[in-house]
Structures are given as structure tokens and as C-alpha cells.
Amino acid sequence: MTYQPELSVLKDGNAVASTAARVIAAHIEDSPAAVLGLATGRTPLAVYADLRGRVARGELSFDGVRCFSLDEYQGLPPGHPASYHSYMCRELFDHVDIRQDDWHLPDGTADDLAAAGAGYEAAIRHAGGVDLQLLGIGENGHIGFNEPGAPFESRTREVALAASTIRANASEFPPGDTPPTHALTMGIGTILEARRILLLATGSRKAKAVAAMMTGPIDPAVPASALRLHPAVTILCDAEAASCLSGDECG
Ligand code: GLP
């Protein structure tokens, strides 16, 4: 069974972020013990800023909300400035009233990464599964760190990063640091078990990946195309990220 994700093309990145933050805030208001799946990267930065603002103004509380991040670099200590652990603390967790025990990231420093992946899956299951999963999309169509070719039934595991992903994320690392080549990521199968999925894409660099996700073959060559196997996916794009969807030739 395949589905067509609901697509909203919004004016710009700010509109994408404020719409996404509104959806997440409404979800938390309806379900104060919600389980959120959270993404990193540049795209959701303004979403987290919006959510922090709501908490600061007393309009929203994360008390009781559980959060599971999608992925983490392999071998980076949690305190490294480019770790996703640091990112999530800096952008959200340090600024909201979430309880320390209620947020989780895959442990990229574990000696046994297979056991860490299985443990992460168990923790998600124990929390009752992800209610709302926030996603970005890589220029090559990746979701989380599931690079092209990742099986649709994959679970949280160690993966090798594509060279283009390492290049795209290199600016997150201090000068002189060598970015990791591997990561621990929720699998595509893990992501597809979320009850609802919200994917954000902004900027022309994402236009081809968005078109491939929405209109190309449903195939592991484009990991995000797996989202068309899920009945409750919303895609929020700005006009640039949607610019290859018209069917016209897209450079
Ligand atoms: C990164 C992350 C993904 C993210 C994607 C897009 O590598 N692992 O979770 O969605 O690539 O990142 P950005 O939003 O910075 O373009």
C-alpha cells in the first residue's frame, strides 16, 4: 500500500519553521506525555528556537514529554561541540523544562554499537513508540543517517556516512577536526513506525531530493521515498525546495 504525503509549500524557511513548531506545540498540548522523534541539522534550528520561545513565555511545557533523537556520530564524546548530543542540549533541552531522564540519543561512543542500537529500539518501544517524528532530508535523499541503499526495514544501527554527507556537515566541526565517517541512526523501519511524520525541507539544494521523494520510484536508492509507505506524513517545504516538483526539467 502506498500513500501520497500531504505537501504544504510555504513562502520561506521562516514559514516552514513556524508551521512545524505550531504542529509540535499543538501535539504536546493535546498529549503532554507525547513521544517526539527529533532531527538535527540546519533545517530544524528555527523550529527549536520557536519552541524555546513558547516555553520561555510560559505557553508550552515539555514536562512529561519524551524525546528520542534520530542519530548521533560514532565516536564523538557527548560534550564535543559537533555531537548531536551537544546540538540538542544547545538548541532545545537546556532551555526547556524536559526532565533529564526523558531525552535520549543513540550512544555513538558505546563499545558495542549493535547492543547500543538494540537498546535504543527497546527504549523507544518501552516509551510506547514515537508519536510524532520530525525529519529533515539530505541532498542525496537520506533521512536520519540512512544513506542511499539503506534497507526500508532497517533498525537503529551503525552506518557509514556517504562522502557527500561528510562534506555537507563538515562546517559543523571546529577547524582541524576530522569529521566522523560513521554514525548510529534510527533505521528506516524505526522511522516508519512513528505514528505521524513531519518532514521539513528548505532551500534549492534540497529540490531534487524532494522531487525524488515525492514523485520518483519508491526505492532504497532514495531513502526518503520510503515515507510514501506511511499513511500519515506531512511535508513542509519552502518554494525553493519545491521547485523541482512541477515536472519541468530541473538542473
Ligand atoms: C544530517 C542529519 C539529518 C538531517 C540532514 C539534513 O546529516 N543526520 O538528520 O536531516 O542531514 O541536514 P540539514 O538540515 O543541515 O540540511
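Using the 4.7 Å Cβ rule, please list in number order the cysteines from the chain without any candidate partner.
C67, C89, C237
Nearest-5 percent of antiparallel DSSP beta bridges in the chain? The partial results should precede the final answer.
On the way: 8 of 30 bridges.
The antiparallel proportion sits near 25 percent.
Where in the chain are the helices, taken as whole DSSP H runs, whose Cα atoms extend 18 angstrom or more along the long axis and whose Kyte-Doolittle mean reaches at least 0.0?
13-30, 113-126
What is the extension gain from S31 to A163, computed as 0.36 nm multiplied by their sequence separation minus the C-alpha to C-alpha distance, in nm to one decimal?
On the way: separation 132, 0.36 × 132 = 47.52 nm, distance 3.97 nm.
That works out to 43.5 nm of additional length.
Just the C-alpha atoms of the stretch 1-81: what Rg/Rh do they give, with Rh taken as the Kirkwood radius?
1.01
Over the chain, with every protein chain in place, what whole percent of the accessible area is carbon and sulfur at 1.4 Å, could you tell me? Write down the numbers at each step before the final one.
Details: 5580 of 10710 Å².
Ligands and nucleic acids excluded, carbon and sulfur give 52 percent.
Could you give the length gained on full extension between A170 and C250, defined as 0.36 nm per residue of separation minus the Cα-Cα distance, in nm? Mind showing how you got there, number by number?
Working: separation 80, 0.36 × 80 = 28.80 nm, distance 2.66 nm.
Residue separation times 0.36 nm, minus the Cα-Cα distance, leaves 26.1 nm.
Mind checking the full-extension length gain between D12 and D112? Use 0.36 nm per residue of separation minus the Cα-Cα distance, one decimal, nm.
Going from the current span to full extension adds 31.8 nm.
Would you pull out the residues with amide H under 5 Å of V222's amide H, same chain only if 5 or more places away, H placed 1.01 Å from N?
Excluding prolines and chain starts, which carry no amide H, the hits are G149.
Counting only DSSP beta bridges with both residues in the stretch 9-150, what percent are antiparallel, rounded to the nearest 5?
Just about 10 percent of them are antiparallel.
Helix-only mean residue ellipticity at 222 nm, the chain, DSSP H runs n ≥ 4 weighted -39,500 (n - 2.57), per residue, nearest 500. What is it?
Helix-only estimate at 222 nm: -8500 deg cm²/dmol.
The values are calculated or read from the model by the stated rules, or taken from the named source; none is laboratory data. The model shown is predicted, which means the values in this text are computed figures rather than measured ones. Virtual Cβ from ideal backbone geometry, glycine too; neighbours counted across all protein chains shown. For the accessible areas, the whole protein counts, side chains as well, though only heavy atoms, and no ligand, DNA or RNA atoms are used. Shrake-Rupley method; radii C 1.70, N 1.55, O 1.52, S 1.80 Å.
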